[in-house]
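Participant: Would you mind keeping the following structure in view while I ask a few things?
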Amino acid sequence: MYTAPRMSRLGTETAFEVLARAKALEASGVDVVHLEIGEPDFDTADHIKEAAIKAMRDGFTGYCAAPGIPALREAIAEDASRRRGVAIDPAHVVVTPGAKPIITNTILALVDDDDEVLYPNPGFPIYESMINFVDGKAVPLRLREENDFRFDIDEFVSLVNDETRLIIVNTPQNPTGGILTRKELEVVAEAAIKHDCFVLSDEVYINIVYDGKHESIYSLPGMAERTILLDGLSKSYAMTGWRLGYGVYPPHLVDHITRLNINSVSCTSHFSQYAAIAAITGPQDHVESRCAELKPRRKGIVDGLNDIPGFSCRMPGGAFYAFPNITGTGRKSQELANALLDELGVAALSGTSFGEFGEGYLRFSYANSIENIERALSRIREYLA
Ligand SMILES: Cc1ncc(COP(=O)(O)O)c(C=O)c1O
């Protein structure tokens, strides 16, 4: 049966497919350790849930403003201004169901046939998928293990040119846990200004930085007018299922992105937005304590992976992913990921789920209990010993 040709260019996020396979195995009685999906294992804080329940009781159950309700846009602008050190106008904030639509809408609004887009590889797969879908030219910017999964500056400079429409940066990074320093961000900013292109800065893991401090390209001089700042509540507030994300846009894009919302989702769930206000303006100690809880898990998984024959793993600086090099096993990434799930009941992702430069790696999400992480590691260690 017919489908439009563009559908053959649309990629996917393999985490959801592996999750479905792992759940099916579980339903057939297999004991599966889930280290595949990028989801905190913490629950949403009670005061956030209460705000949503109150909003439902108060009748906020219908359609609402397409770019987000004013009180939430104001709360986001205030919070994002304070954290990035740049004044942000609430009118430039657009709220979406999850942060993903900010990627989709930004690429739809900016990228046309053959426009070049530089994106991190290995990187969040939706970037490459959407660039290809709109028939842009996807230009992978390789993240290098020897550089703690930052890109090489000379390589970056050689790839950006006057055909570049958009540069995507993601820090802290999925899938490597890498962190960009101010130095790399300054190079990106300089190139974006020189070649007059836009930057999409994906900062959904802003609250999960273990050492040092998060740097945002949005804060650099001259960048707010050409940067789309992407953030959301999924990872920071353990709210993946609530579907709450947002973008801060240069003024000329706001109406276009709002129309994309109207054409696709109409608006973001009304009562969820009250929960978002409670999350952003309420106590932040639970956010900090969860990051502190992830720290020993990071050490546990990295040490454990380094004990597995054929594996070597760098200490990630942020997010909740370990990205070990598995070339010493002599196995291909996808083949090994399949074997771990089918033979051991350990769900992890092949590095190739994140692009061609992910070959030779696996991704493990360690937003899981130490006990589960250890169960997975001992199964893999025994299997490869
Ligand atoms: C780098 C990155 N950006 C965006 C998203 C999308 O987040 P959300 O679940 O809020 O749509 C994710 C989710 O895994 C991510 O890892």
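Participant: Once every Cα of the chain carries one equal point scatterer and solvent is ignored, give the base-10 log of I(q)/I(0) from the Debye formula at q = 0.11, 0.12 Å⁻¹, two decimals.
Facilitator: -0.79, -0.94
Participant: Which FRET efficiency, nearest 0.05, do Tyr63 and Glu288 yield, Cβ-Cβ r, R0 35 Å? Don't skip to the end; give the middle numbers.
Facilitator: On the way: r = 35 Å, r/R0 = 1.01.
Given R0 = 35 Å and the Cβ-Cβ separation, E is 0.50.
Participant: Also, I was wondering about something else. I'd like the accessible area for Val209: 1.4 Å probe, protein heavy atoms, all chains in place, Å² to the nearest 10.
Facilitator: Surface accessible to solvent at Val209 totals approximately 30 Å².
Participant: Mind grabbing the accessible area of Met130 for me, 1.4 Å probe, Å², rounded to tens?
Facilitator: Counting only protein heavy atoms, the figure is 10 Å².
Participant: What does the helix-only formula give at 222 nm for the chain: each DSSP H stretch with n ≥ 4 adding -39500 (n - 2.57), the total divided by the residues, and the result rounded to the nearest 500 deg cm²/dmol?
Facilitator: On the way: 12 runs with 151 residues, N = 385.
-12500 deg cm²/dmol, from helical runs alone.
Participant: Using unit Cβ charges (K, R positive; D, E negative) and no other charged atoms, how large, in debye to the nearest 20, is the dipole of segment 170-222 about its Cα centre?
Facilitator: Dipole magnitude for segment 170-222 comes out near 80 debye.
Participant: When the dipole is taken about the Cα centre of segment 162-295, and only Lys, Arg (+1) and Asp, Glu (-1) are charged at their Cβ, what size is it in debye, to the nearest 20? Walk me through the numbers before you get to the answer.
Facilitator: Values: 11 positive and 16 negative charges, 64 e Å.
Roughly 300 debye, rounded to the nearest 20.
Participant: Would segment 304-370 count as rounded, prolate or oblate if I go by the C-alpha gyration tensor, calling it rounded below 1.5 in a/c and otherwise prolate when a/b exceeds b/c, oblate otherwise?
Facilitator: Numbers: a/c = 1.29, a/b = 1.17, b/c = 1.11.
Note, shape of segment 304-370 comes out rounded.
Participant: With all protein chains present, how much of the accessible area of the chain (probe radius 1.4 Å) comes from carbon and sulfur, to the nearest whole percent? Could you put the intermediate results ahead of the total?
Facilitator: Details: 8150 of 15990 Å².
Answer for the chain is 51 percent, counting heavy atoms of protein chains only.
Participant: Let me know the charge dipole size of the chain about its Cα centre in debye, to the nearest 20, where only the beta-carbon of Lys, Arg (+1) and Asp, Glu (-1) is charged. Each step should come with its number before you reach the end.
Facilitator: On the way: 37 positive and 54 negative charges, 126 e Å.
So the magnitude is around 600 debye.
Participant: Tell me which lysines have Cα within less than 17 Å of Lys100's Cα, excluding those fewer than 8 residues away on the same chain?
Facilitator: Within the straight-line cut-off, Lys100 pairs with Lys235.
Participant: Give me, ordered by chain and number, the residues 5 or more places off Thr227 or on other chains with an amide H under 5 Å from its own placed amide H.
Facilitator: Those lying under 5 Å, H to H, from Thr227 are Val199.
Participant: State the answer as a single residue: which of Tyr210, Ala189, Gly358 lies farthest towards the positive end of the charge dipole of the chain, with beta carbon charges of +1 for Lys and Arg and -1 for Asp and Glu, about the Cα centre.
Facilitator: The Cα lying farthest towards the positive end belongs to Tyr210.
Participant: When only the heavy atoms of the protein chains count and the probe is 1.4 Å, how do Thr14, Thr3, Thr268 rank by accessible area, highest first? Intermediate results must be reported in sequence, preceding the final value.
Facilitator: Working: Thr14 30, Thr3 95, Thr268 5 Å².
Largest to smallest exposure gives the sequence Thr3, Thr14, Thr268.
Participant: Next question, about the same structure. Starting from the amide H of Val346, placed 1.01 Å from N in the peptide plane, find each other amide H under 5 Å away whose residue is 5 or more places distant or on another chain.
Facilitator: The list, which skips near neighbours in sequence, is Val33, Leu341.
Participant: Pop out the ³J(HN,Hα) list for segment 23-33 in order, Karplus 6.51 cos²θ - 1.76 cosθ + 1.60 with θ = phi - 60°, rounded to Hz; leave Gly and Pro as x.
Facilitator: Result, rounded to whole Hz: 5, 5, 4, 4, 4, 8, x, 7, 7, 9, 9.
Participant: As a test question: what accessible area, to the nearest 10 Å², does Lys295 have when a 1.4 Å probe is rolled over all protein chains in place?
Facilitator: Near enough 80 Å² of accessible area.
Participant: On average, how much accessible surface per residue is there in the chain, in Å², for a 1.4 Å probe, leaving out ligands, DNA and RNA?
Facilitator: Working: 15990 Å² over 385 residues.
That works out to 42 Å² for each residue.
Participant: Order Leu10, Leu349 by their accessible area, 1.4 angstrom probe, all chains in place, largest first.
Facilitator: Working: Leu10 70, Leu349 5 Å².
Solvent-accessible surface, decreasing: Leu10, Leu349.
Participant: In what sequence, largest accessible area first, do Glu128, Glu225, Glu335, Glu13 appear using a 1.4 Å probe?
Facilitator: Details: Glu128 60, Glu225 125, Glu335 90, Glu13 35 Å².
Result, largest first: Glu225, Glu335, Glu128, Glu13.
Participant: Considering only DSSP beta bridges where both residues belong to the chain, give the percentage that are antiparallel (nearest 5).
Facilitator: Working: 17 of 37 bridges.
Bridges in the chain that DSSP calls antiparallel: roughly 45 percent.
Participant: Could I ask something else about it? Under 5 Å between amide hydrogens, which residues at least 5 positions from Gly232 or on another chain qualify, with H placed 1.01 Å from N in the peptide plane?
Facilitator: Result for Gly232 returns Tyr246.
Participant: Give me Rg over Rh for segment 233-293, both radii from the alpha carbons and Rh done the Kirkwood way, two decimal places. Before the final figure, lay out the partial values.
Facilitator: Numbers: Rg = 14.1 Å, Rh = 13.3 Å.
Here the Rg-to-Rh quotient is 1.06.
Participant: Tell me which of Ala138, Leu118, Asn105 sits at the most positive position along the dipole axis of segment 56-148, charges placed on C-beta atoms (Lys, Arg +1; Asp, Glu -1).
Facilitator: Asn105
Participant: Which ³J(HN,Hα) values in Hz, rounded to whole numbers, follow from the phi angles of segment 181-188 under the Karplus curve 6.51 cos²θ - 1.76 cosθ + 1.60, where θ = phi - 60° and Gly and Pro get x?
Facilitator: Once rounded to whole Hz, the list reads 8, 4, 4, 4, 5, 5, 5, 4.
Participant: Report the one residue of Tyr274, Pro296, Ser312 whose Cα lies farthest in the direction of the positive end of the charge dipole of segment 245-331 (charges on C-beta: Lys and Arg +1, Asp and Glu -1; origin at the Cα centre).
Facilitator: Going by the charge dipole, the pick is Ser312.
Participant: Follow-up question, since we're still on this one. Pop out the ³J(HN,Hα) list for segment 363-375 in order, Karplus 6.51 cos²θ - 1.76 cosθ + 1.60 with θ = phi - 60°, rounded to Hz; leave Gly and Pro as x.
Facilitator: Result, ordered by residue: 10, 10, 8, 9, 7, 9, 5, 4, 4, 5, 4, 5, 4 Hz.
The values are calculated or read from the model by the stated rules, or taken from the named source; none is laboratory data. Source: prediction; values computed, not measured. FYI the Cβ positions are ideal-geometry reconstructions off the backbone, even for glycines, and counts take in every protein chain you see. What goes into the accessible areas is simple: the full protein's heavy atoms, side chains included, and nothing from ligands, DNA or RNA. Shrake-Rupley method; radii C 1.70, N 1.55, O 1.52, S 1.80 Å.
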